[in-house]
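Accompanying notes for the structure given below.
The values are calculated or read from the model by the stated rules, or taken from the named source; none is laboratory data. Remember, it's a predicted structure, so these values are computed and weren't measured experimentally. Every residue, glycine among them, receives a Cβ derived from its backbone with ideal geometry; neighbour counts consider all protein chains shown.
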Amino acid sequence: MGCPPHEGVHRMPTLPINIVREGEPSRSALGVASLRAAHQLLDEPLVLSDPIALPLLGASAGAALRDDPFTLNDPMSRGLRAALVARSRFVEDELARCVAEGVRQYLIVGAGLDTFAYRNPYHEEKLRVFEVDHPGTQRWKQQLVAEAGIRVPESLIFVPVDFERDDLGSALRQSGFRADQAACVSWMGVTMYLTADAIAAILRTLSGLAAGSRLCFDYRVPVTMLNPVERVINELLGQRVAAMGEPWLSTFDPAHLKRLLLELGFSTAESATPEDLNARYFARRKDGLRTGGGVEIMCATK
């Protein structure tokens, strides 16, 4: 992994890397799952229909949220909720296009408590789902799945990887992933928690995907690209995740990131802004749900 960071990667102040404490679950993953579950209870129409989100939280947490989902309806939680369901819907829309084109591998890098594998609608197409994440997070998720009585489909393969220490390509090969066949890759909610070196190593690995593959991932933009209100929200959120022991470590300039992906061999690379997502998923809503600035989604094709 020790390549120098690309010019498009901006380092944040040095903080200890502690994405998942050994033996403890990822609190950011739990927060994402809770907001996704709250979306099922609070928002209409749904941007992401996810009947697995609530039971996956566990009986007590799920019951508490069902009893009072408005505990996650303050302005900051609403904006985060919109961003989280929009990114999931975005990549699942891309997956639908990939499956229609004949892709039969879906790689979820940094899966956290993502639920797609348990509501996979592409059984007839024999879509295989590879969930890649830290071993500790995977063990925690498997425990939650078992406690909720959720069936683990045969099409799901768990791939344990410590992104700062392990080689992703090697782990994928050992799991049965076919590098010579096209894949759709979801890499959501991860880059901001990794060092520049780890991000570069993963992008190099993913650049070796077969022709026809598609990679979608979200990333934080530099604070200099935000308006004053967005800067305040960005600072508050940054303080919150750092206090949880999962600090943001990297940001990208969109133009530099696109150039990097093209240099790595991707044929196209386009970034979706919050404005794009609001126009696509939140237009003309009565409840005014919408996502804010700070994070964009890159989609690149081999």
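Results, tabulated for the structure shown:
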read-out: Candidate set from region 232-254 (those that are over 18 Å from ALA29 (Cβ atoms), under 21 Å from the mean Cα position of the chain (by Cα) and among the aliphatic types (A, V, I, L, M)); member that is surrounded by the most Cβ atoms within 10 Å (Cβ to Cβ); value: ILE233
read-out: Some residue of region 191-205 being buried (at least 21 other Cβ atoms within 10 Å of the Cβ), in contact with an Asp or Glu (Cβ under 7 Å, 6 or more places away or on another chain), under 22 Å from GLY112 (Cα atoms) and modelled with pLDDT of 95 or more; value: no
read-out: Number of the condition not met by ASP114 [criteria: (1) of a type in the set (Asp, Glu); (2) touching a helix residue (DSSP H, G or I) at 6+ places or on another chain (Cβ under 7 Å); (3) buried (at least 16 other Cβ atoms within 10 Å of the Cβ); (4) not in a helix (DSSP H, G or I)]; value: (2)
read-out: Region 77-132: number of residues that are farther than 24 Å from PRO45 by Cβ and of a type in the set (Asp, Glu); value: 4
read-out: Residue count, region 172-212 (criterion: in contact with a Pro (Cβ under 7 Å, 6 or more places away or on another chain) and not acidic (Asp, Glu)); value: 2
read-out: Test result for VAL91, β-branched (Val, Ile, Thr) and either under 19 Å from ARG27 (Cβ atoms) or not in a helix (DSSP H, G or I) (or both); value: no
read-out: Answer residue from region 208-231, given it is of a type in the set (A, V, I, L, M) and under 24 Å from VAL91 (Cβ atoms) and is surrounded by the fewest Cβ atoms within 10 Å (Cβ to Cβ) among those; value: ALA211
read-out: Subset of region 146-174 that is β-branched (Val, Ile, Thr) and within 19 Å of the chain's Cα centre (by Cα) - its residue that is nearest to ARG104 (Cα to Cα); value: ILE157
